[in-house]
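The values are calculated or read from the model by the stated rules, or taken from the named source; none is laboratory data. Quick caveat, the model's predicted, so the values are computed rather than measured. As a convention, Cβ positions derive from the backbone with ideal geometry for all residues, glycine included, and neighbour counts pool all protein chains shown. Just the protein is used for accessible areas: all its heavy atoms, side chains included, with ligands, DNA and RNA removed. Shrake-Rupley method; radii C 1.70, N 1.55, O 1.52, S 1.80 Å.
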Amino acid sequence: MEKRIGERIAQCRHMDWAVLYMRLFAGGMMFFHNIGKIQDYNEIVNSYPSFAFAGSPAVFVIVSLVEVVLATLIIMGLWVRASAIVMAAGILGVLLWGAPGFGTLAFTWLGVYVFLAMSGGGLYAFDTALFPAKRKN
C-alpha cells in the first residue's frame, strides 16, 4: 500500500514538472511575441481597432502592456489561473472578432491558456511558496 502511495505522489510530481514547463513555455513565447510586436510598432499599430475612448495606438499599448504583465506573472507562477483566464478571454475575443489569418494559431493558444487556467501554477510556482496552505501534499 505504501508503495502505491509513493508512486502516486511521484506521478503528481511529474505533472508539476509538466505544468512548470507549460508555464515557462507559454509565458516565454507570449513575452517574446510582444517584444517583437513592440519592435515592429510602426508596421502593426494600424491593424489594431479603434474604440470610442482610444485610437489604434492606445489600444496597441494597452494590449501589449497587459500581455507582457500577464506573461510575466505566468512565468513567475503568480496568479496563474487568473492570468490565463484573462489571456484566454482575450484570445477568444480575437477569434470572435474575426481577425484574418489568426484562427488556427489563436485556437492553439486558447487551448494552452485553458490548460493553465485548469491546472494553476503547480508545485513549482511562487503562489505555492507565498500561500503554503493551498500547497499540494
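Given E67, E43, which one is within 14 Å of the chain's Cα centre (by Cα) and among the acidic types (D, E)?
One residue alone meets the criteria, E67.
Which of the residues belonging to the stretch 116-131 are of a type outside the set (G, A, S), open to solvent by 70 Å² or more (accessible area, probe 1.4 Å) and either farther than 15 Å from A26 by Cβ or assigned to a helix (DSSP H, G or I) (or both)?
Those that are of a type outside the set (G, A, S), open to solvent by 70 Å² or more (accessible area, probe 1.4 Å) and either farther than 15 Å from A26 by Cβ or assigned to a helix (DSSP H, G or I) (or both): M118, F126, L130, F131.
Okay, residues lined up against (1) more than 13 Å from the chain's Cα centre (by Cα); (2) over 17 Å from M22 (Cβ atoms); (3) of a type in the set (S, T, Y):
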residue	(1), (2), (3)
G77	no, no, no
A82	no, no, no
A89	no, yes, no
A117	no, no, no
G121	no, no, no
A125	yes, no, no
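Provide a single number: the residues in the stretch 48-70 that are in a helix (DSSP H, G or I) and touching a Ser or Thr at 6+ places or on another chain (Cβ under 8 Å).
Matching residues across the stretch 48-70 total 3.
Between a first residue in the stretch 51-78 that is touching a residue at least 40 places away in the same chain (Cβ under 8 Å) and a second residue that is of a type in the set (D, E, K, R), which pairs have beta carbons less than 8 Å apart while being 6 or more apart in sequence or on different chains?
Hits for this filter: I74/R23; I75/R23; G77/R23; G77/D127; L78/D127.
So, in the stretch 45-58, how many residues would count as being over 17 Å from G93 (Cβ atoms) and surrounded by 15 or more Cβ atoms within 10 Å (Cβ to Cβ)?
Counting residues in the stretch 45-58 that are over 17 Å from G93 (Cβ atoms) and surrounded by 15 or more Cβ atoms within 10 Å (Cβ to Cβ) gives 1.
Of all the residues that make up the stretch 29-60, how many are aliphatic (A, V, I, L, M), modelled with pLDDT of 80 or more and more than 27 Å from L116 (Cβ to Cβ)?
Residues that pass the stated criteria total 3.
Quick check, is M87 modelled with pLDDT under 85, within 19 Å of V112 (Cβ to Cβ) and part of a helix (DSSP H, G or I)?
Against the criterion (modelled with pLDDT under 85, within 19 Å of V112 (Cβ to Cβ) and part of a helix (DSSP H, G or I)), M87 does not qualify.
Among the residues of the stretch 1-28, write down those that are at pLDDT below 75 and not basic (K, R).
M1, E2, I5, G6, E7, I9, A10, Q11, C12
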